[in-house]
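To start, the structure under review is shown below, and the notes come after it.
The values are calculated or read from the model by the stated rules, or taken from the named source; none is laboratory data. Small disclaimer: the values here were computed from a predicted structure and weren't measured. Ideal geometry is used to build each Cβ from the backbone, glycine not excepted, and the neighbour counts take in all protein chains shown.
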Amino acid sequence: MNRPKGSGDDAWEECVHRATAAMAVGRHAVNENCWDDVAIRDIIAVVLYSLHLREEKPVATVEWKSVLWHLRDDGRVSTLVRDVLPGANCNLGQGGENDDPVMQRWRWLTRTWDPNAPVRPRNRQSAPYELAYWGPDADRLTAPEPRWDGMSRGIGAALPDPAVEVCTSWAADVIQTVFIARHGGYATSQRVRVTDGPFKGQRGYVRQWGWAFDDDTQTVDVAGYVVDLDDSEGTEDIDAHQLRRVFDLRWPRRQRGSLKDRPPAAMREPLPPHPSCAEDLETVLARACNPQDVPDDLRQTIASAIGHFHLSIGRGAWPEPNRVSWRVFQHWYQLTEHYIEGRIAEVWEVEFKQHLRDPDPVVYLALSEPEAHAVIAQRAKRL
């Protein structure tokens, strides 16, 4: 593909600058030492740069409605980048010889992370954990990388998954705000009045934006809004042309006894019955690919147990190209009326995903924590 005039490092810097300015529209200044900010900003910048190349137009003229179409999910972002940028399919999440700044950022956005890595702020030259690497063998040991590349992190701080999967929806929120601001739309919490349709005359607050995605042009436009009307239960989808801005900022006075005047009746209903230990175990077995590894005598012991408890023990991930993330759960069943150490039955569950929102994770069962870690090690070898 022939690059348009202005492509290269200068164009990439312009994309970063434009993405940074977009985040500022929502009064969010980018903190370069915050993993969340850097991830969101760079996802927007990579999409801008890819569209700049594909459409052969200056960065400043790439439309936000096209950027937002691609930010609908991380799959669209990855498809765009891999179709447009040479080498984007290679060495994802790995170090490489390619010193192109765009490829460096794409590798950063698509790499997996170790949630248990030691903490070391990137603006600090040394940290206590490095003391463990001093001594006679220090020259042969490499200190582990700091957690989250030495940045602070708030979004999905326990997740090992790539930033492009974790933060694409956040990047979309940024561009939605920019789009609304540029086109005179209604912001969230904006007070509005319905001018037509079944709710004509009612007032309420904008809660969300509704978008029309045009897959032929790969653009979006505002189709309507999700509005919390004063006199209707829940929210309603209202077409954009049926709303007008009003400046009545008073909290609406609702009639006594209206649905919004008190908690819904369902809040007073009893909770559904707690499943028995036998039912809970059947649920665990149903999603596993090796249920036969739980012997019959253990199943019978669990079926007669007093209660069951679930604990999330840990997460991890291996990077591309054989990307997979895993999570370990402990299911333990109390065998006596009062907890007595050692008087429990255990089943360990190891869930493997190739994507953060993988709808069909692979699940293995183990009977102890060492067995669970053995399952992880065996799967790593197969990869």
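Given the conditions (1) in contact (Cβ under 8 Å) with a residue 24 or more places away in the chain; (2) within 28 Å of C167 (Cβ to Cβ), and given that A305 satisfies all but one, which numbered condition is not satisfied?
(2)
Going through R287, R299, R315, R323 one at a time, which residue ends up being under 18 Å from V350 (Cα atoms) and modelled with pLDDT of 95 or more?
Exactly one of R287, R299, R315, R323 is under 18 Å from V350 (Cα atoms) and modelled with pLDDT of 95 or more, namely R287.
Based on what the data block shows, is V84 within 20 Å of R357 (Cα to Cα), modelled with pLDDT of 90 or more and either polar (S, T, N, Q) or not assigned by TED's automatic domain parsing to the domain that holds D215 (or both)?
Values: within 20 Å of R357 (Cα to Cα): no; modelled with pLDDT of 90 or more: yes; either polar (S, T, N, Q) or not assigned by TED's automatic domain parsing to the domain that holds D215 (or both): yes.
It is false that V84 is within 20 Å of R357 (Cα to Cα), modelled with pLDDT of 90 or more and either polar (S, T, N, Q) or not assigned by TED's automatic domain parsing to the domain that holds D215 (or both).
Scan the range 162-219 for residues that are among the hydroxyl-bearing types (S, T, Y) and within 30 Å of R323 (Cβ to Cβ) and jot them down.
Selection gives T168, S169.
Do you know which residues across the range 87-137 are modelled with pLDDT under 80 and assigned to a helix (DSSP H, G or I)?
Residues satisfying the conditions are P128, Y129, E130, L131, A132, Y133.
Consider the range 25-59. How many of its residues are small (G, A, S), within 20 Å of H183 (Cβ to Cβ) and at pLDDT 95 or above? It would help to see each step written out before you state the result.
Filtering the range 25-59 for residues small (G, A, S) gives 26, 29, 39, 45, 50.
Filter again for within 20 Å of H183 (Cβ to Cβ), leaving 26.
Now drop any that are not at pLDDT 95 or above, which leaves none.
The number of residues fulfilling the criteria is 0.
Filter the range 356-372 down to the residues that are part of a helix (DSSP H, G or I) and free of Cβ contacts under 8 Å to residues at least 24 places away in the same chain and list them by number.
P370, E371
Return yes or no: is F213 more than 28 Å from V30 (Cα to Cα) and touching a helix residue (DSSP H, G or I) at 6+ places or on another chain (Cβ under 7 Å)?
In short, yes.
For residues in the range 178-199 being under 18 Å from L243 (Cα atoms) and β-branched (V, I, T), which is surrounded by the most Cβ atoms within 10 Å (Cβ to Cβ)?
Top of the filtered list is V192.
Among what's in the range 60-84 and is in contact (Cβ under 8 Å) with a residue 12 or more places away in the chain, β-branched (V, I, T) and within 20 Å of R182 (Cα to Cα), pick the residue that is surrounded by the most Cβ atoms within 10 Å (Cβ to Cβ).
Going through the qualifying residues, I end up with V67.
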